[in-house]
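*Asks:* Below you will find the structure I want to go over with you.
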Amino acid sequence: MNDMDKTFTDLIDTFKSSIKTWDYFVNWQKVFANSSELEIALNKLNYLLGKENLENEFKKLYASNPDVVKALPVLLAVRENKLEVFDKDTKDSEFFDFTGTENDPNKYYEFLEKSGLARLFQKDGVKNLVDYVLGVEVGLDSNGRKNRGGTLMEEIVETFISEFSAKHGFEYLAQARAKDVKDKWGYEIEVDKSVRSFDFAVFNPKNKKIKLFETNFYNGGGSKLKAVCGEFRSLYDELTKQNIDFVWITDGLGWKTAKHPLEETFNHNKKQVFNLNMLEDGILEELTW
């Protein structure tokens, strides 16, 4: 079956529920780099674990090692080194600077108490702050998964485009703006948005033809999907007038909630809408280059 034989049912029935790759879960390199940056300060703070009189011991430690305060925010899973905290009782904001410019052990100890961090240092708290922060960093890094999910689709599609281009002697650009395409191949593209960049541009040096690709993945539904379909129909028209092929590669079960607008775009764009399953089946080989 070549690409022109593919039906909308082929597209909708083979969407994937997930595109998690192994590096989706945790960016370990970043996690270990962040925790090792504070390791010395954290090891000094380890001295306080289980101490009976935390206030006295903290002030003693601070007197000889004021740099330990730079590790306090991350113990609360906070990245900032300056914090403004609103006190509901006094109706005032307090400011805390952990960069080492303040010299007030009382204020830092107040932060330990009011934030609840003092509890961490009690006998039944944690045993090692370096290990604890490693866990905190994993948690903070997991907040980046949403952003990683957005780029995963591009990374996966690029593995196909890169391999295909190398095999056929084609050239490609990722995140290709009109200016990049002109600089590299002398090819003029007129687009509706001056800042628009295409996920991929593939150039065939033999016939000087170019194909532009957009990719995305949607787990959830919503009105955004309908808007995306409208945008890519218009884009297809705009590029077709310039004799440029436009291919849209999309996936995700979110499309089950927006079948109608997707089908309209599939038909309007002359079936140049594919998913990852079709890429795996070699759809790039079946396109006209």
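Just so you know, all these numbers are worked out from the coordinates, no wet-lab data involved. Note that the structure is a prediction, hence the values are computed from the model and not measured. In this analysis, Cβ positions are derived from the backbone assuming ideal geometry, glycine residues included, and neighbour counts consider all displayed protein chains.
*Asks:* Enumerate the amide H contacts of F198 below 5 Å, restricted to partners 5 or more residues apart or on another chain; note that Pro and chain-start residues carry no placed amide H.
*Replies:* A176, R177
*Asks:* If you plug each phi of region 66-82 into the Karplus form 6.51 cos²θ - 1.76 cosθ + 1.60 with θ = phi - 60°, what whole-Hz ³J(HN,Hα) values come out, in order, with x for Gly and Pro?
*Replies:* Values per residue, Gly and Pro as x: x, 5, 4, 5, 5, 8, 5, x, 5, 5, 9, 6, 10, 8, 5, 9, 9 Hz.
*Asks:* Relative to the first principal axis of the alpha-carbon coordinates of the chain, what is the inclination of helix 145-168, with its axis defined by its Cα atoms, in degrees from 0 to 90 and to the nearest 10?
*Replies:* Around 40 degrees separate the two axes.
*Asks:* Another question about this same structure. Specify the angular offset, from 0 to 90 degrees and rounded to the nearest 10, of the alpha carbon long axis of helix 223-240 from the longest principal axis of the alpha carbons in the chain.
*Replies:* 50
*Asks:* Please list the non-local residues whose amide H lies under 5 Å from the amide H of Q122, H modeled 1.01 Å from N, same-chain partners needing a gap of 5 or more.
*Replies:* G50
*Asks:* For the chain, what does the alpha-carbon gyration tensor say about shape, rounded, prolate or oblate, given a ≥ b ≥ c as the root eigenvalues, a/c under 1.5 as rounded, and a/b over b/c as prolate?
*Replies:* Working: a/c = 2.92, a/b = 2.74, b/c = 1.07.
Cα axes put the chain in the prolate bin.
*Asks:* With a Cα-only, solvent-free Debye model of region 34-107, what are the log10 I(q)/I(0) values at q = 0.11, 0.12, 0.25 Å⁻¹?
*Replies:* Log10 I(q)/I(0), no solvent term: -0.31, -0.36, -1.26.
*Asks:* Using the beta-carbon distance between N207 and F32 and R0 = 51 Å, what value does 1/(1 + (r/R0)^6) give for FRET efficiency, to the nearest 0.05? Please report the intermediate quantities before stating the final value.
*Replies:* Values: r = 49 Å, r/R0 = 0.95.
With R0 = 51 Å, the Cβ-Cβ based efficiency is 0.55.
*Asks:* Loop-only GluC sites (Glu not before Pro) in region 40-79, please: DSSP not H, G, I, E or B, and at most 16 other Cβ atoms within 10 Å. Kindly include the intermediate steps, with their values, before the conclusion.
*Replies:* On the way: sites: E52, E55, E57; in loops: E52.
Counting only loop positions with at most 16 other Cβ atoms within 10 Å, the GluC sites (Glu not before Pro) in region 40-79 are E52.
*Asks:* If you don't mind, another one. Grab the beta carbon distance between K114 and V191, set R0 = 30 Å, and tell me the FRET efficiency rounded to 0.05. List each step's numbers first, then the result.
*Replies:* Values: r = 53 Å, r/R0 = 1.77.
Working from the Cβ atoms, E equals 0.05.
*Asks:* With angles folded into 0 to 90 degrees, how steeply does helix 129-142 sit against the dominant principal axis of the chain? Use alpha carbons for both and round to 10.
*Replies:* 30
*Asks:* About its Cα centre, what dipole magnitude does region 198-289 give when the only charges are +1 on Lys and Arg Cβ and -1 on Asp and Glu Cβ, stated in debye to the nearest 20? Write out the running numbers ahead of the final one.
*Replies:* On the way: 12 positive and 13 negative charges, 51 e Å.
For this selection, approximately 240 debye.
*Asks:* Which distance in nm do the two modelled labels at D104 and D89 give, with both placed 7 Å along the Cα-to-Cβ direction?
*Replies:* Result: 1.7 nm between the two label points.
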